[in-house]
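The values are calculated or read from the model by the stated rules, or taken from the named source; none is laboratory data. What you see is a predicted model, and the numbers here were worked out from it, not measured in a lab. Here the Cβ positions follow ideal geometry from the backbone for every residue, glycine too, while neighbour counts run over all protein chains shown. We work out accessible area using only protein heavy atoms, side chains counted, and drop any ligands, DNA or RNA first. Shrake-Rupley method; radii C 1.70, N 1.55, O 1.52, S 1.80 Å.
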Amino acid sequence: MSGLPGPGPLDVPRRTLGIRIRRVPDGLLLGYRDQAMLLDGPAELIYRLADGARTVTDIADGVAEEYGIDRAEALADVLEFLGDQDDSGIFQW
């Protein structure tokens, strides 16, 4: 990450390798370590867009477009989600 607390708009997250992913009717079910996590809605989209090439801002632009929300609101939501997932191990920086 950028060295600041939590992710920043120019950071580039990528999905951690080795996570088991299963598509379920409600979204994506992730299995990592001894945990399972269901991602749906915007969380699923953020996970799919975190490909190691897009910045947090790029991901927020995708969320804003998909859900028809303001770009600043999408960026705040993406930053919050990624910050909340910092200890989960599903993203690398």
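Any idea which of Phe81, Gly27, Thr57 is furthest toward the positive side of the dipole for the chain, if Lys and Arg beta-carbons carry +1 and Asp and Glu beta-carbons -1?
Checking the options against the dipole of the chain, the answer is Gly27.
What number comes out for accessible area per residue over the chain if the probe is 1.4 Å? Units Å², please.
Per residue, the chain has an accessible area of 60 Å².
Which residues among region 47-91 fall inside the zone where the amide N is under 16 Å from a point 7 Å beyond the Cα of Thr16, along Cα→Cβ?
Within reach of a label on Thr16, which here means backbone N under 16 Å from a point 7 Å along Cα→Cβ, region 47-91 contributes 47-48, 50-52, 82-91.
To the nearest 10 square angstrom, what accessible area does Thr55 show with a 1.4 Å probe?
Rounded to the nearest 10, the figure is 30 Å².
Using a 1.4 angstrom probe with every protein chain in place, what is the largest-first accessible-area order of Arg48, Arg20?
In descending accessible area the options line up as Arg20, Arg48.
Take the solvent-accessible surface of the protein heavy atoms, probe 1.4 Å, and return the percent of it on region 11-80 that carbon and sulfur atoms account for.
Heavy-atom surface of region 11-80 belonging to carbon and sulfur, 1.4 Å probe: 47 percent.
Please go through region 1-78 and write out the GluC sites (Glu not before Pro) that DSSP classes as loop and that have at most 10 other C-beta atoms within 10 Å. Let's see the in-between values first.
Numbers: sites: Glu44, Glu65, Glu66, Glu73; in loops: none.
Loop-located and lightly packed - none at all.
With a sphere of radius 13 Å drawn around the Cβ of Arg23, what net charge do the other residues whose Cβ falls strictly inside it have (Lys, Arg +1; Asp, Glu -1)?
Details: positive: Arg20, Arg22, Arg48; negative: Asp26, Asp40, Glu44.
Once positives and negatives cancel, what remains is 0.
Relative contact order (percent) for region 14-92, with alpha-carbon contacts under 8 angstrom and 6 or more residues of separation?
Taking the mean separation of contacting Cα pairs over the length of region 14-92, I get 30 percent.
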